[in-house]
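Visitor: There's a structure below that I have some questions on.
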Amino acid sequence: MSKADLPEATGKMDFLVSPSERMAELAAPLTGWFAAKLAPARDVRVTSVCSPTTNGGSSTTLFATVQWREREPVTHEFAVRLKPVSYRLFLRDNFEAQFHLMKHLAGHTDVPVPQVHFLEPDPAILGAPFFVMDKVAGDVPPDYPPFHAAGFLFDASLDQRRRLWDSALQTMARVARVDVGSLPQIVERRRDESGPEENLRHWSDSLAWVYGEEPHALLEATKDWLWRKLPKGLKTGLSWGDARVGNMIFRDWQCVAAIDWETVTLAGPQLDIAHWLLMDDFWSKYLGVKPLAGLPSREETIQQWEDLTGFKADHLDWHQVLAAYRLCIIYERVCQLKGAAAGLKDETGDTLGIHQLRETFDRYGIDPLR
């Protein structure tokens, strides 16, 4: 696939932070839509629409305050998640699968997720399909600026930081223990293909989708290494895909919702702890920020994850390479969409992900050509 085949970089509803006038324009179509969905409720109206400003970038989330009258007046806060259309960061279209997965997790597991209500496939309402869930009250450690440098966790005591971290790892452990046999379909596996094999195939396809006719030598070598060294016997299991504190909502230092399931797979839970460790490095030392005091070390975090999940991180080297490989592909795609504004490339033209990948190889003494 050539770069000419890539989706366009801009679109009507694809934005991270929207001007207030655009937000105001959405109240009218949403009012009509909610009135139909909430019938026989009366006097339905959307009184405000806004968008988060500190996290996210792969798709649009709106916060809508809706009022209506039943026997008594009701005010409810909803989150509206729009399907990426022209600003498409990922190759896989699993938008509806996210909705059905979250509905299943809320109803049949102890994983805390927002309650989902409606799936709207018609793009005519807001310019893209969307689904609606409850807005969960709480705090999210920010990405911009990173939580290691600012925000409520930065301002917290050492004890509060540790309580939040422990709760986050407990949430990740709950994801790891989900019975995949009862899940709705979230990926399309070939016959006799395991979850880890399907996931690696997907990211191999994503590499070609992003780089097209200009392959990156290190990433091509990494792809081949991952296939050669794919651990035998890796079991199919739920992987959140983007497990990190920036995708959790906290109240009183406890996780009350795990959000953002765009990269969910059946690659197994080791990928989540590998990604967790990689992203924590990214939001601190790779951005030139000193890690917060009071949080457990890398080794302590791995041990705690093993104790909570009952699994061994026995192939962490392979999974960390895979996690870094995925980030390289994602960062390059962000740069294609946002150009220099992405701020992810250095003077050599490499993304921060490439540096993380090289460091991961060095950490484990891996030569990807062998």
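Visitor: I need the shape label for region 98-141. Rule: rounded when a/c is under 1.5, else prolate if a/b > b/c, else oblate, with a, b, c from the alpha carbon gyration tensor. Can you show the working numbers first?
Guide: On the way: a/c = 3.08, a/b = 1.53, b/c = 2.01.
The shape class here is oblate.
Visitor: Let me ask another. Let me make sure I get this right: for region 158-364, a, b and c are the square roots of the gyration tensor eigenvalues over alpha carbons, sorted descending. Under 1.5 in a/c it's rounded, otherwise prolate if a/b > b/c, else oblate. Which is it?
Guide: On the way: a/c = 1.64, a/b = 1.13, b/c = 1.45.
Cα axes put region 158-364 in the oblate bin.
Visitor: Separate question: Using a 10 Å cut-off around each Cβ, can you sort 255, 50 from fewest to most neighbouring Cβ atoms? Spell out each step's value before the answer.
Guide: Details: 255 22, 50 14.
In order of increasing Cβ crowding within 10 Å: 50, 255.
Visitor: Compute the relative contact order of region 229-336 as a whole-number percentage, counting only Cα pairs closer than 8 Å that sit 6 or more residues apart in sequence.
Guide: Numbers: 103 pairs, mean separation 29.7, N = 108.
Rounded, it is 27 percent for region 229-336.
Visitor: Quick one: putting +1 on the C-beta of Lys and Arg, -1 on the C-beta of Asp and Glu, what dipole do you get for region 158-364 around its Cα centre, in Debye to the nearest 20?
Guide: On the way: 26 positive and 32 negative charges, 66 e Å.
Dipole size: approximately 320 debye.
Visitor: Also, I was wondering about something else. Figure the gain on full extension for residue 63 and residue 159 (residue separation times 0.36 nm, minus the Cα-Cα span) and round it to one decimal in nm. Please report the intermediate quantities before stating the final value.
Guide: Values: separation 96, 0.36 × 96 = 34.56 nm, distance 3.14 nm.
Result for the pair: 31.4 nm of gain on full extension.
Visitor: Residue farthest toward the positive end of the dipole of the chain, with Cβ of Lys/Arg at +1 and Asp/Glu at -1: which of 211, 231, 175?
Guide: So the residue we want is 175.
Visitor: If the cut-off is a Cα-Cα distance under 30 Å, which lysines reach residue 312, setting aside same-chain residues fewer than 8 apart in sequence?
Guide: Within reach: 103, 223, 229, 232, 235, 285, 290.
Visitor: Additional query: Relative contact order for region 158-364 using alpha-carbon pairs under 8 Å, separation at least 6, rounded to a whole percent?
Guide: On the way: 244 pairs, mean separation 52.8, N = 207.
Reported relative contact order: 25 percent.
Visitor: Give me 172, 279 sorted ascending by neighbouring Cβ count inside 10 Å, so fewest comes first. Could the numbers behind the result be given before it?
Guide: On the way: 172 26, 279 21.
Listed from fewest to most nearby Cβ atoms, that is 279, 172.
Visitor: Once Lys and Arg get +1 and Asp and Glu get -1 on their Cβ, which of 266, 324, 28 lies farthest toward the positive end of the dipole of the chain?
Guide: 28
Visitor: Please name whichever of 250, 132, 98 sits farthest to the positive end of the charge dipole of the chain, dipole taken about the Cα centre and charges placed at Cβ: Lys and Arg +1, Asp and Glu -1.
Guide: The residue sitting most towards the positive pole is 132.
Visitor: I'd like the orientation of helix 158-176 relative to the chain: the angle between its Cα long axis and the longest Cα principal axis, in ° from 0 to 90, rounded to 10.
Guide: 90 degrees
Visitor: Related question: Where does each of 346, 192, 260 land when they are ranked from fewest to most other beta-carbon atoms within 10 angstrom? Walk me through the intermediate numbers first.
Guide: Numbers: 346 11, 192 6, 260 21.
Going from least to most buried by this count: 192, 346, 260.
Visitor: State, to one decimal in nm, how far the label point of residue 293 lies from the label point of residue 115, with both points 7 Å from Cα in the Cβ direction.
Guide: Taking the two extended label points, one gets 4.2 nm.
Visitor: I need to check one value: relative contact order of the chain, counting alpha carbon pairs closer than 8 Å and at least 6 residues apart, in percent. It would help to have the intermediate numbers written out before the result.
Guide: Numbers: 604 pairs, mean separation 60.8, N = 370.
It comes to 16 percent, rounded to a whole number.
Visitor: Now for a different question. Is any residue of region 128-144 close enough, with backbone N under 20 Å, to a label point placed 7 angstrom from the Cα of residue 25 along the Cα-Cβ axis, and if so, which?
Guide: From region 128-144, the list is 128-131.
Visitor: Please work out the FRET efficiency for the pair residue 93 and residue 224, using the Cβ-Cβ distance as r and a Förster radius of 25 Å; give the result to the nearest 0.05.
Guide: 0.40
Visitor: Which residue fluctuates the most in the chain, going by a Gaussian network model with Cα springs under 10 Å, if the choices are 348, 265, 31?
Guide: In the Gaussian network model the winner is 348.
Visitor: Would you list which aspartates and glutamates come within 19 Å of residue 37, measuring only between C-alpha atoms, while excluding same-chain residues fewer than 8 positions from it?
Guide: 70, 72, 77, 96, 120, 122, 134
Every read-out reported here was derived from the displayed coordinates using simple, explicitly stated rules and does not represent laboratory data. On a predicted model such as this, the values are computed, not experimentally measured, just so you know. Note that we place each Cβ from the backbone using ideal geometry, even for glycine, and neighbour counts take in every protein chain shown.
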